[in-house]
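The values are calculated or read from the model by the stated rules, or taken from the named source; none is laboratory data. Only a predicted model underlies this, so the values are computations on that prediction, with no experimental measurement involved. With ideal geometry, Cβ positions are generated from the backbone for all residues, glycine too; neighbour counts draw on all protein chains shown.
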Amino acid sequence: MKEKKQGTRAMAWPEGYGRRVLAEVDSTNAEAVRIAGGLAGPEWICALRQTAARGRRGRAWVNPEGNFAATLVMRPSGTPADAALRSFVASLALFDAFVALTGRTDGLSLKWPNDVLLNGGKVAGILLESVGGAGGLSHLAIGIGVNLRAAPSVAEVETGAVRPVSLLDETGIAVTPEDFLDALAEAFATHEARFATYRFAPIREAWLARAARLGEEITARTGTSETRGRFETVDGQGNLVLKTAGGRVAIAAADVFF
């Protein structure tokens, strides 16, 4: 497939957010933990190469050169439950960054709780980790990985998981990590400001408008159980709501399979 460079676009770096791009680091989330205490405000950390990247539940995250790996470390307002809703803020920011850099919305959707799909395959994922202090949660690390140039093989992901895809393979559009960082940071700041002002309701509404498999049968698995039902909605606390044979079930955390 012939590569097409994404069109240049003037992107305004959001006021109040720090930006650092590292040639190499073990993990951007690990770096976020190391530097959080010395930050005056939210900071984006982007690594051109990670040596120990990880995903949800401690799984390894395959991150070939040219893909995007970054973490936003911030001091979240509100409760720990409010902090967890930043996964929806980040999902919307990712969606908007893809649109800004490709000029297209077709094929893009959001998979609960924290993935972005392109043409039905996983192109990006989000990992939230709390950074504790003496009083509990002091900072939040929002780790984001995007398959810009290459995707892992099916053999490298969990059995039954959504197939991995890359932006380049699916669209022919080549985007650099630095350009993606600029678009993502701008989009995140916009949605974060909306969340801070109006709380979760408009974020939830926007997320549901982009949700994958809404109204369809899906399976939610935890380490100890499996629930299958029709994906009815996401509630006001960010829980997945399934309509099952036994009634409506709200699920706070799980892996979703189609």
Unique match (being in contact with a Gly (Cβ under 9 Å, 6 or more places away or on another chain) and either surrounded by fewer than 22 Cβ atoms within 10 Å (Cβ to Cβ) or not hydroxyl-bearing (S, T, Y) (or both)) among F98, F88: F88
Residue satisfying condition, being surrounded by fewer than 19 Cβ atoms within 10 Å (Cβ to Cβ), within 17 Å of the chain's Cα centre (by Cα) and without any contact (Cβ under 8 Å) to a residue 60 or more places away in the chain, within set S130, S153: S130
Condition broken by V162, with the remaining ones in (1) among the β-branched types (V, I, T); (2) part of a strand (DSSP E or B); (3) touching a residue at least 40 places away in the same chain (Cβ under 8 Å); (4) touching a Gly at 6+ places or on another chain (Cβ under 9 Å) satisfied: (2)
Hey, R228 assigned to a helix (DSSP H, G or I) and either farther than 26 Å from T71 by Cβ or assigned by TED's automatic domain parsing to the domain that holds I144 (or both) or not: no
Of all residues making up region 212-234, the number that are surrounded by 15 or more Cβ atoms within 10 Å (Cβ to Cβ) and either among the β-branched types (V, I, T) or out of contact with any Phe, Trp or Tyr (no Cβ under 7 Å at 6 or more places or on another chain) (or both): 11
Looking only at region 188-211, and only at residues there that are among the small types (G, A, S) and exposed (fewer than 14 other Cβ atoms within 10 Å of the Cβ), the one that is nearest to Y17 (Cα to Cα): A193
Some residue of region 167-185 being loosely packed, with under 15 Cβ neighbours inside 10 Å, among the charged types (D, E, K, R) and either within 25 Å of R75 (Cα to Cα) or assigned by TED's automatic domain parsing to the domain that holds L101 (or both): yes
Test for A97: is it more than 19 Å from A196 (Cα to Cα), in contact with a helix residue (DSSP H, G or I) (Cβ under 9 Å, 6 or more places away or on another chain), at pLDDT 95 or above and in a helix (DSSP H, G or I): yes
Selection within region 16-26 - within 18 Å of F180 (Cα to Cα), without any contact (Cβ under 8 Å) to a residue 40 or more places away in the chain and in a loop (DSSP other than H, G, I, E, B): A23, E24
Qualifying residues in region 69-83 (those that are of a type in the set (S, T, Y) and in contact with a strand residue (DSSP E or B) (Cβ under 9 Å, 6 or more places away or on another chain)) - the one nearest to A183 (Cα to Cα): T71
